[in-house]
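The values are calculated or read from the model by the stated rules, or taken from the named source; none is laboratory data. Because the structure is a prediction, the values reported are computed rather than measured. For neighbour counting, all protein chains shown are included, and Cβ atoms are generated from backbone atoms with ideal geometry for every residue, glycine included. What goes into the accessible areas is simple: the full protein's heavy atoms, side chains included, and nothing from ligands, DNA or RNA. Shrake-Rupley method; radii C 1.70, N 1.55, O 1.52, S 1.80 Å.
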Amino acid sequence: MSNADEFTFQGQGTLKRIDTFVSKAGKSILTLVFETQGQYPQMIPIKVFGRLAEQAASWKPGSILAVSGRLGGRDWNGKVYGDNVANNIEVISGSDERDAGAPPDNDVPPPSDDDVPF
């Protein structure tokens, strides 16, 4: 199958949660659940495998991730089920949690009134 025969996607969104499912073969399948912004927010599930699944531990809810991948699906008992599978993920910005080494903004002392401006 050539690349011309594939349906692909790309976009970015806020990571809401990571769901884990274990297949019958005993392999972990991770589904990243994103929420889009706008008047009608959408929940978007995107599956990750292999090296991306290993990297998922470093992604935290609230992070904004850019994702590209392929669209797929399968027929089971006469119903078609769609899959969004990530090929590449890039962190655009981390979650709202502060870095452990970064001081909070409110730790800056207020200006002193003892200083004379002249």
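Data table
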item: Residues being open to solvent by 70 Å² or more (accessible area, probe 1.4 Å) and on the phi > 0 side of the Ramachandran plot - total across the stretch 40-77; result: 1
item: Given (1) outside any strand (DSSP E or B); (2) loosely packed, with under 14 Cβ neighbours inside 10 Å, index of the condition THR8 fails; result: (1)
item: Filter pass, GLY62 being at pLDDT 90 or above and not in a loop (DSSP other than H, G, I, E, B); result: no
item: Residue within the stretch 17-39 that is in contact (Cβ under 8 Å) with a residue 24 or more places away in the chain, of a type in the set (Lys, Arg) and exposed (fewer than 15 other Cβ atoms within 10 Å of the Cβ) present; result: yes
item: Test: residue in the stretch 101-116 that is surrounded by 10 or more Cβ atoms within 10 Å (Cβ to Cβ) and either modelled with pLDDT under 90 or touching an Asp or Glu at 6+ places or on another chain (Cβ under 8 Å) (or both); result: no
item: Those residues of the stretch 20-43 which are within 17 Å of ILE64 (Cα to Cα) and in a strand (DSSP E or B), in sequence order; result: THR31, LEU32, VAL33, PHE34, GLU35, MET43
